[in-house]
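Have a look at the structure below before the remarks.
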Amino acid sequence: MKNYIPKWHKELELFTKVKPLIILEGNVLDSYQYPTKDDGIMFMPRLTQYLNYFLKDASYQNVIFYDNLRGFYNNFEAEALENFAKLVCADISNGFIKSKFSGTGRTAPTIIRDAFAQNKSATAIVMDFASRYIITPENMEQSDIDSFTILLQSSLETLKNLLVIIVNKVNDLPAWFYLQNPNVKIITMSFPAKEERENFVKGEKQFPYFFRREIRESQLDYYNQHTDELAKIQDRFVALTDGLSLKELNSLKQLCKNECLNIRDMCDIIDLYKYGIKENPWKNLDREKINKAAFEKRVKGQDVAISKTLDIIKRAITGLAGLQSSSHSRPKGILFFAGPTGTGKTETAKTLAEILFGDENCCIRFDMSEYSQGHSDQKLLGAPPGYIGYEAGGQLTNAVKKNPFSILLFDEIEKAHPSIFDKFLQILEDGRMTDGQGNTVYFSESIIIFTSNLGIFTPNEFGARETNITIDMPYEEMSLKIRQAIENYFKINLGRPEILNRIGENIVVYDYIRPNIAKDILSAQINKIRQNLMTDKKIDIHLSDKAFNVLQESALKNLQNGGRGIGNVVESLFINPLARYLFDNRIDENAKINVDDITLTSFYPELLCTIH
């Protein structure tokens, strides 16, 4: 396998020849694979070790490292610090040249200025942990400003020397130090690319040591003869570790060995690492439960919506979700439920959670009207360090860390602040998010469901809302109008067509509650009330046809609000007067009541009942 050279390494090779000041940011705390001249790889546990080899290969005679706690040092070459001490006329104490970044006395920048003033021997100085030299760029004392100014002057005046500054992110340094400075090159170090992970996983000196010796000896011969099977296992492992560092890959290797995993099961270690579990609930699903009948008990009259939802869920279970995508870490499934209110969108999500994970509480709901302000992304994902609420974390990220195997329901998504959509883009594409505390949260085992009332009303030419769909429209016409309104919202109103692209064809439109379905919902609600009363209080309620028809007639007049409207009718015309009747007649338990009629003539509906 040919060694892959990361982009940042190539940038280093290019710009160390023409720039006197390099700033490295990003993935600077990782381990690294150093490409050797003979097409081999040396595993480097620290960036400083990597840079020592790199700069020596680049013909720098003196390579020295610095941090604010220890001063100047070189732990990799015994003579390097002695040569540097002579160059700058400094004393060595216990293997270090002690010097603070700023303050009184001979500071580190003044020593660097002395080193860069000479041009006899090419000197490279690497300043490590530079994000910790000052409190913040906005809160600098004059001595801090002077120290950075000296570094800037030194880099401007040197001819053959190099200063490398390692930071977590470039804005940990004062902006005036690097902005509009043609002598500075900022290089961002990203997490290992697919090719780097392949080098790590498939390398002859790496892969066998994912497993205990007895497993290697008993299984490797088989896979050496069945290379296609082995390649599939390795390729899946590489794909599922997208976004992980080499240090994390090394941890996975050690976990594989510790857990005595077989070669065919090596991908299971990723679930253990990410979620702390060995057995993935997605692999233990009872497939017999995943059918339309399981939904129809709770969601009435939505055959098309349920069929499409089931298709997407079955795609997730069989592992066919996202096959056309380059990302293997996207959420298990993405659904966008649209349509009139009260038609079963939320109930479908709860039912799905119960079927998949055994508990409807695994449907975690977020009312997006609560995230309509500009700072709402912090509420959802956590405030950055130094801001109020940092310790609490984000509501979404906390929920997913606690239960990664869940349905995430974002209700009325159109009410969210536009800044939230930037976060959703990353979640939908990469399946992960870093919270305000710097922890990576994974969404790759979740189903994400958005609900929306978009398309029910649309603005006219004067900006006023007008009805876009009506209950007398056929489902096909209504569905087309709603989908068009959703497309217009994301493309025109929001100006974010990329959100719609991530959702794709997973828009599921719910139909109005039609009259025949309304009767079934009404019957189901009445029966549920009767069953609960019988179970809890041993009160047996029977409704005459006449009483039921009164409820039915009122319910059919209120179908614009769907099942919720029917529930309101039942509460107003049946539950409230029933509660009044039981209270007034001191009926607490053990009774049989016939509801003969419901009168609507008075201000309060009344039940005409017979007690047996």
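Before moving on, here are some points about what is shown:
- Selection of region 99-121 for residues being part of a loop (DSSP other than H, G, I, E, B) and either of a type in the set (D, E) or crowded, with 21+ Cβ neighbours inside 10 Å (or both) yields S99, F101.
- Qualifying residue in region 161-169 (condition: modelled with pLDDT under 95 and in contact with an Asp or Glu (Cβ under 6 Å, 6 or more places away or on another chain)): yes
- Some residue of region 64-83 being β-branched (V, I, T) and out of contact with any Ser or Thr (no Cβ under 8 Å at 6 or more places or on another chain): no
- Among the residues of region 443-492, those identified as touching a helix residue (DSSP H, G or I) at 6+ places or on another chain (Cβ under 6 Å), over 30 Å from T241 (Cβ atoms) and not in a loop (DSSP other than H, G, I, E, B) are T451, S452, T458, F490, K491.
- Between G563, G495, the distinction of being in the same structural domain as F336 (by TED's automatic domain parsing), modelled with pLDDT under 90, out of contact with any Lys or Arg (no Cβ under 7 Å at 6 or more places or on another chain) and under 29 Å from N468 (Cβ atoms) belongs to G495 only.
- Elements of type helices (runs of 4 or more DSSP H) contained in region 217-300, each with 3 or more residues being crowded, with 17+ Cβ neighbours inside 10 Å: 227-240, 246-258, 268-275
- Residues (more than 26 Å from D520 (Cα to Cα) and assigned to a loop (DSSP other than H, G, I, E, B)) located in region 555-603: N585, R586, I587, D588, E589, N590, T601, S602, F603
- Failed item in (1) of a type outside the set (F, W, Y); (2) assigned to a helix (DSSP H, G or I); (3) modelled with pLDDT of 90 or more; (4) farther than 30 Å from E589 by Cα, with N532 passing the rest: (4)
- Hey, N594 out of contact with any strand residue (DSSP E or B) (no Cβ under 6 Å at 6 or more places or on another chain), over 30 Å from N453 (Cβ atoms) and not assigned by TED's automatic domain parsing to the domain that holds T343 or not: no
- Any hit, region 168-178, residues being in contact (Cβ under 8 Å) with a residue 40 or more places away in the chain, aliphatic (A, V, I, L, M) and farther than 30 Å from I263 by Cβ: yes
- Filtered residues of region 503-536 (kept if among the charged types (D, E, K, R) and either closer than 14 Å to F574 by Cβ or surrounded by fewer than 20 Cβ atoms within 10 Å (Cβ to Cβ) (or both)): E505, R514, K519, D520, K528, R530, D536
The values are calculated or read from the model by the stated rules, or taken from the named source; none is laboratory data. Since this is a predicted model, take the numbers as computed values, not measurements. Glycine gets a Cβ as well: all are built from the backbone with ideal geometry, and neighbour counts include every protein chain shown.
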